[in-house]
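**Student:** Encoded as structure tokens, here's the structure I'll be asking about.
The values are calculated or read from the model by the stated rules, or taken from the named source; none is laboratory data. None of the values given here were measured: they were computed from a predicted structure. All Cβ positions, even for glycine, are placed from backbone atoms using ideal geometry, and neighbour counts span all protein chains on display. Surface accessibility is based on the protein's heavy atoms, side chains included, excluding ligands, DNA and RNA. Shrake-Rupley method; radii C 1.70, N 1.55, O 1.52, S 1.80 Å.
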Amino acid sequence: MYRRHGMLGALWRHATIWVVMAFALFPVIWVLSASFDPTNSLVSQRLIPLTPSLDNYRQLFQDPTHPFPRWIGNSVKVSLITAALTTALTALAAYAFSRFRFPGRRSGLFVLLLVQVFPQMLAMVAIYLMMLRVGEYLPWLGPNTHAGLIAVYLGGALGVNAWLMKGYFDTIPTSLEESAYIDGASRLATFWRIILPLSRPILAVIFLLSFVGTYSEYVLARVLLSRTDQYTLAIGLQLLISDQYNKRWGIFSAAALLGALPILILFLLLQRQLISGLTRGAVKE
């Protein structure tokens, strides 16, 4: 009887797993099917296309009015630079909050977290006007420039990231740094040669989260960028369908799949570091 109950329990668990997997994978399979469907229509789409072809992918790269390769290149460039600078700034801030004791340290941490509570929509007008004024003196950093967009993204780079990385730094024993000080290492050398190599998992987590958040961001990019050749992928995908959603569904699906490749590649490259980076800073050893 116990064996029967065990088999039923195992069967129920496996059935639940398969149902959840089907629920999660069906949208991806449907979009993949649409990308190979030459009818290019949402209404008449089948799960398995009658005559699958690569027409949607060819049109995606041959349409001069919608430069998809440039859009995805812009997104990768902006996201990589933003993620790298965000990781660097977060590491410096988190190390200061973790190792130094100074007035306002605790309140500073809460202020960083409080700033990210307010949605970006509340600051859209102020950000745009500020970038207009900056563009009058530094045209390369004003509106409709990738440098200006990156600068705006960096304005919200800390917050939760600093809290997450500080928790990880707290798990690194201070005795390692004290030994380096005895050997004559400076504070900067200790940070660069000891702390950062030991912090690769959390650095990978912050880099990936920053990359994904910037890569898929739409509102700020739509407000600050106005030239088609400067658009990021999120704006380009919206422009691609605009008022022709039912007629360009296949092309949109192909663009969405290709647009997901940079995130997938980055995740595969960093997956070994992600699990320990997300969990180790949860408690202090």
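**Student:** Between residue 125 and residue 269, what length comes free when the chain is fully extended (0.36 nm per residue of separation minus the Cα-Cα distance, one decimal in nm)? Before the final figure, lay out the partial values.
**Tutor:** Values: separation 144, 0.36 × 144 = 51.84 nm, distance 3.80 nm.
48.0 nm is the gain from fully extending residue 125 to residue 269.
**Student:** Classify the chain as rounded, prolate or oblate from the Cα gyration tensor: take a ≥ b ≥ c as the square roots of its eigenvalues, call it rounded if a/c is under 1.5, otherwise prolate when a/b beats b/c and oblate if not.
**Tutor:** It is oblate, given that a/c is not under 1.5 and a/b is not larger than b/c.
**Student:** Over the chain, what is the relative contact order in percent, taking alpha-carbon pairs closer than 8 angstrom and at least six residues apart?
**Tutor:** Numbers: 311 pairs, mean separation 87.6, N = 285.
It comes to 31 percent, rounded to a whole number.
**Student:** Where the centre of each part is set by its Cα atoms, how far does the stretch 169-234 sit from the stretch 8-72, in angstrom?
**Tutor:** 34
**Student:** Pull out a ≥ b ≥ c, the square roots of the eigenvalues of the alpha-carbon gyration tensor of the stretch 1-145, then state rounded if a/c is under 1.5, prolate if not and a/b is larger than b/c, and oblate in the remaining case. All intermediate terms of the calculation are to be shown ahead of the outcome.
**Tutor:** Values: a/c = 3.16, a/b = 1.27, b/c = 2.48.
Here the stretch 1-145 falls in the oblate category.
**Student:** Which of 273, 255, 176 sits farthest toward the positive end of the charge dipole of the chain, with +1 on the Cβ of Lys and Arg and -1 on the Cβ of Asp and Glu?
**Tutor:** Of 273, 255, 176, it is 176.
**Student:** Which of 170, 63, 55 moves the most in a Gaussian network model of the chain with Cα springs under 10 Å?
**Tutor:** 63
**Student:** For the stretch 172-213, build the convex hull from the C-alpha positions and give me its volume per residue in Å³. Don't skip to the end; give the middle numbers.
**Tutor:** Details: hull volume 2.6 nm³, N = 42.
Output value, Cα hull per residue: 63 Å³.
**Student:** With contacts defined as alpha carbon pairs under 8 Å and 6 or more residues apart, what's the relative contact order of the stretch 153-233 in percent?
**Tutor:** Numbers: 22 pairs, mean separation 24.5, N = 81.
Dividing the mean separation by the residue count of the stretch 153-233 yields 30 percent.
**Student:** In terms of modelled amide H atoms, which long-range or inter-chain residues lie less than 5 Å from the amide H of residue 40?
**Tutor:** Excluding prolines and chain starts, which carry no amide H, the hits are 250.
**Student:** So which helices of the chain fit the span-like rule, where a helix is a whole DSSP H run, its Cα atoms reach 30 Å or more along the axis, and its mean Kyte-Doolittle is at least 1.6? Write out the running numbers ahead of the final one.
**Tutor:** On the way: long enough: 2-35 (49 Å, 0.91); 68-99 (46 Å, 0.78); 249-279 (40 Å, 1.65).
In the chain, the long hydrophobic H runs are 249-279.
**Student:** How charged is the neighbourhood of residue 186? Take every other residue with its Cβ under 15 Å from the Cβ of residue 186, and add Lys/Arg as +1 and Asp/Glu as -1. If you can, show how the numbers build up before the last one.
**Tutor:** Values: positive: 99, 187, 193; negative: 177, 178, 183.
My count for the surroundings of residue 186 gives 0.
**Student:** Let me ask something else. Measure of size requested: the Rg and Dmax of the stretch 108-163, with Cα atoms as the atom set and Å as the unit; please supply both.
**Tutor:** Rg then Dmax for the stretch 108-163, in Å: 12.7, 36.
**Student:** Also, I was wondering about something else. Over all directions, how big on average is the projection of the convex hull of the alpha-carbon atoms in the stretch 150-262, in square nanometres? Can you show the working numbers first?
**Tutor:** Values: hull surface 38.5 nm².
Directional mean of the projected Cα hull area for the stretch 150-262 stands at 9.6 nm².
**Student:** Counting heavy atoms of the protein chains only and a 1.4 Å probe, report the per residue accessible area for the stretch 96-141 as a whole number of Å².
**Tutor:** Details: 3630 Å² over 46 residues.
With the other protein chains kept in place, the stretch 96-141 gives 79 Å² per residue.
**Student:** Running a GNM on the chain with Cα contacts under 10 Å, which residue among 71, 30, 18 ends up with the highest mean-square fluctuation?
**Tutor:** In this elastic network of the chain, the residue with the biggest mean-square fluctuation among 71, 30, 18 is 18.
**Student:** With n ≥ 4 as the cut-off for DSSP H runs, can you work out [θ] at 222 nm for the chain, using -39500 (n - 2.57) per run divided by the number of residues, rounded to the nearest 500?
**Tutor:** Details: 13 runs with 193 residues, N = 285.
The helix contribution divided over the chain gives -22000 deg cm²/dmol.
**Student:** Counting Lys +1, Arg +1, Asp -1, Glu -1, what net charge surrounds residue 230 among other residues with beta carbon under 13 Å of its beta carbon? Mind dumping the intermediate values first?
**Tutor:** On the way: positive: 70, 77, 222, 227; negative: 229.
That sum, taken over residues with Cβ under 13 Å, equals +3.
**Student:** Top mean-square fluctuation among 135, 167, 148, Gaussian network model of the chain, C-alpha springs under 10 Å?
**Tutor:** 135
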